[in-house]
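Trainee: Dropping a structure here in structure tokens format, bear with me for questions.
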Amino acid sequence: MSSLASPFSLADVYRARQRLAGRVAHTPLVASASLAERADAPVYLKLETVQPTGSFKLRGATNALAELAGQGVTRVVTASTGNHGRAVAHAARALGIEAAVCMSSLVPENKVLAVAALGARVVITGKSQDDAQLEAQRLVREEGYAFVPPFDDPRVIAGQATIGVEILEALPDAATLVVPLSGGGLFSGVAFAAKAIRPDVAMIGVSMERGAAMHASLAAGEPVLVDELETLADSLGGGIGLDNRHTFAMTRELIDDVVLLDEASIARGIVHAYREERLVVEGAAAVGIAALLDSRIARRDGPIVVVISGANIDIALHQRIVSEHH
Ligand SMILES: *Cc1c(COP(=O)(O)O)cnc(C)c1O
């Protein structure tokens with residue numbers, strides 16, 4: 001894998017894993033009988049839903065903040081659709097440093113409250129992820145904070161990559177990994193580690209049709225802007241950054257297929273997770289299950305692993321979705 005345009009090595013991923021030990025959950029990998037039957041192959045779910053903040057983002061945030069704290073940094077800031085902000089707040093508190101979190105007014109209230117409850121300074125600004133980003137940059141310029149990006153950062157990507165290591169250790173013959181795809185920190189991290197360990201593993205990224213910035217950028221051959229639209233997969237919203245430095249190149253090199261899903265399909269994924277797997281998952285985390293249910297994952301020999309990326313869905317919304325689908 002030495003030809004890969006990665007800003008870190010597999011050794012960095014193993015170092016990240018040591019840094020995360022005791023701070024972040026080594027999450028369960030559980031077999032799904034109902035999905036195996038539909039896929040006609042063994043299917044396993046990697047449950048990032050059990051992380052203390054309810055999503056995998058705690059891995060990347062903890063890795064980045066541990067490195068920064070080691071360099072003497074005492075204040076960090078981020079702009080986030082929710083789960084990254086929550087992760088930064090949690091990691092900052094655990095490491096004894098200060099966190100500020102900038103978010104747009106589109107972020108669901110449950111996520112805003114969760115960040116505030118973790119003791120972070122919450123800054124609500126504008127109507128898009130880009131507005132929140134500008135405010136975070138202002139805090140860096142004017143108030144001396146260190147910025148922690150949600151995905152386009154080698155330390156963050158290396159943290160998410162520990163998921164790939166855990167999967168391949170538990171299931172060395174995993175043939176296909178299905179990963180939610182937004183800014184690509186999760187995807188490129190998991191894909192980098194998985195392909196470094198097992199080069200012939202197939203890496204499938206799944207996004208929603210409504211505002212799939214990475215898919216549009218891959219199609220254009222460079223980072224492009226897309227309209228930010230409301231979607232059940234709200235944690236997959238937002239752009240990849242026109243000045244993207246790492247995740248676009250890594251995703252382009254490591255991805256074998258991209259699947260885009262409509263809202264009804266994402267809802268079916270949430271409902272299946274609840275009824276058949278007894279899991280509460282958010283829309284962004286349901287996309288892998290939905291892609292399997294819709295037979296959108298190309299058939300290959302060997303086990304399929306679906307990364308279930310987070311649990312942070314508004315409970316009233318979850319109840320409505322489950323009660324509307326029979
Ligand atoms: C952030 C997030 C994703 C997407 O991760 P990227 O690194 O931005 O691609 C997927 N699922 C959940 C629950 C998330 O919070």
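The values are calculated or read from the model by the stated rules, or taken from the named source; none is laboratory data. Since the model is a prediction, treat every value here as computed from it, not as a measurement. Positions of Cβ are backbone-derived with ideal geometry, glycine not excepted, and every protein chain shown enters the neighbour counts.
Trainee: Among the candidates Val305, Val322, which residue alone is of a type in the set (A, V, I, L, M, F, W, C), part of a helix (DSSP H, G or I) and in contact (Cβ under 8 Å) with a residue 40 or more places away in the chain?
Mentor: After ruling out the rest, the residue left standing is Val322.
Trainee: Out of the stretch 49-93, which residues are over 16 Å from Pro154 (Cβ atoms) and either in contact with a Cys (Cβ under 6 Å, 6 or more places away or on another chain) or of a type in the set (Gly, Ala, Ser) (or both)?
Mentor: Gly54, Ser55, Ala69, Gly72, Ala79, Ser80, Gly82, Gly85, Ala87, Ala89, Ala91, Ala92, listed by residue number.
Trainee: Output the number of residues of the stretch 203-225 satisfying the condition of being in contact with a Lys or Arg (Cβ under 9 Å, 6 or more places away or on another chain) and surrounded by fewer than 20 Cβ atoms within 10 Å (Cβ to Cβ).
Mentor: 1
Trainee: Now a separate question. Which of the residues that make up the stretch 64-116 are in a helix (DSSP H, G or I), among the polar types (S, T, N, Q) and either away from the ligand (no atom under 13 Å from the Cβ) or more than 28 Å from Gln18 (Cβ to Cβ) (or both)?
Mentor: Asn110
Trainee: What pairs come up if the first residue lies in the stretch 209-221 and is in a helix (DSSP H, G or I), the second is away from the ligand (no atom under 15 Å from the Cβ) and at pLDDT 95 or above, and their beta carbons are under 7 Å apart, counting only those six or more places apart or on different chains?
Mentor: Ala216/Val224; Ser217/Val224
Trainee: May I ask you to list pairs of residues, at least six apart or on different chains, whose Cβ atoms are under 8 Å apart, with the first in the stretch 64-90 being under 14 Å from Gly54 (Cβ atoms) and the second being surrounded by fewer than 24 Cβ atoms within 10 Å (Cβ to Cβ) and among the hydroxyl-bearing types (Ser, Thr, Tyr)?
Mentor: Qualifying pairs under 8 Å: Thr81/Ser104.
Trainee: Just the residues that are at pLDDT 90 or above, polar (S, T, N, Q) and within 16 Å of Glu135 (Cβ to Cβ), please, taken from the stretch 71-104.
Mentor: Matches in the stretch 71-104: Thr78 only.
Trainee: For the stretch 198-237, which positions are over 18 Å from the mean Cα position of the chain (by Cα) and among the basic types (Lys, Arg)?
Mentor: Arg198
Trainee: Please verify whether the stretch 234-251 includes one or more residues that are among the aliphatic types (A, V, I, L, M) and under 22 Å from Gly54 (Cβ atoms).
Mentor: Looking for residues that are among the aliphatic types (A, V, I, L, M) and under 22 Å from Gly54 (Cβ atoms), one finds at least one in the stretch 234-251, hence yes.
Trainee: Same structure, new question: So which residues in the stretch 3-23 are free of Cβ contacts under 8 Å to residues at least 60 places away in the same chain and not in a helix (DSSP H, G or I)?
Mentor: Matches in the stretch 3-23: Ser3, Ser9, Ala21, Gly22.
Trainee: Kindly indicate the residue of the stretch 276-304 that is under 21 Å from Gly189 (Cα atoms) and more than 15 Å from the ligand (Cβ to nearest atom) and also surrounded by the most Cβ atoms within 10 Å (Cβ to Cβ) among those meeting that condition.
Mentor: The selected residue is Ile304.
Trainee: Scan (1) out of contact with any Ser or Thr (no Cβ under 8 Å at 6 or more places or on another chain); (2) within 14 Å of the ligand (Cβ to nearest atom) for the single condition Gly185 breaks and write down its number.
Mentor: Gly185 satisfies all of (1) out of contact with any Ser or Thr (no Cβ under 8 Å at 6 or more places or on another chain); (2) within 14 Å of the ligand (Cβ to nearest atom) except (1).
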